[in-house]
Amino acid sequence: MAEVEIMPLVEHGLLVELVDITDPDDLTEAYGLRIPVLRRVDTGAELDWPFDTGQIVAFLS
C-alpha cells in the first residue's frame, strides 16, 4: 500500500532507497513496528506508516 503512495512521486524524480531491515538486528529492533518508514537523508527526519501522498509531499517540503 505504501508503494502505491510513493511510486507516482518516484516517477516524478523522487529518489528512494529500499532498505531490508531484517539484517542487522538493530534495524529490526528500531523499525520493526513502524515499517514502512520514509527517512530523509538530509535531515534524518522520519515518516512512519500510515501515510498518504499529501503527507509525503509535506514531509519533503
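The values are calculated or read from the model by the stated rules, or taken from the named source; none is laboratory data. In this text, all values refer to a predicted model and were calculated from it rather than measured experimentally. Every residue, glycine among them, receives a Cβ derived from its backbone with ideal geometry; neighbour counts consider all protein chains shown. Areas reflect the complete protein model, heavy atoms only, side chains present, ligands, DNA and RNA absent. Shrake-Rupley method; radii C 1.70, N 1.55, O 1.52, S 1.80 Å.
Here are some notes:
- Rounded if a/c under 1.5, otherwise prolate or oblate - the chain, Cα gyration tensor axes: prolate
- In the context of the full set of protein chains, residues of the chain present 78 Å² of accessible surface per residue (probe radius 1.4 Å, heavy atoms only).
- Annotation: extensible slack from residue 20 through residue 35 equals 4.3 nm (criterion: 0.36 nm per residue apart, minus Cα-Cα distance).
- Portion, in percent, of the accessible area of the chain that falls on carbon or sulfur, probe 1.4 Å: 59 percent
- Of the trypsin sites (Lys or Arg not before Pro) found in the chain, the ones in coil according to DSSP and having at most 14 other Cβ atoms within 10 Å of their Cβ are 34, 40.
- With contacts taken as Cα pairs under 8 Å at a separation of at least 6 residues, the chain carries a relative contact order of 33 percent.
- In the chain, GluC sites (Glu not before Pro) in a DSSP loop with at most 15 other beta-carbon atoms within 10 Å: 17
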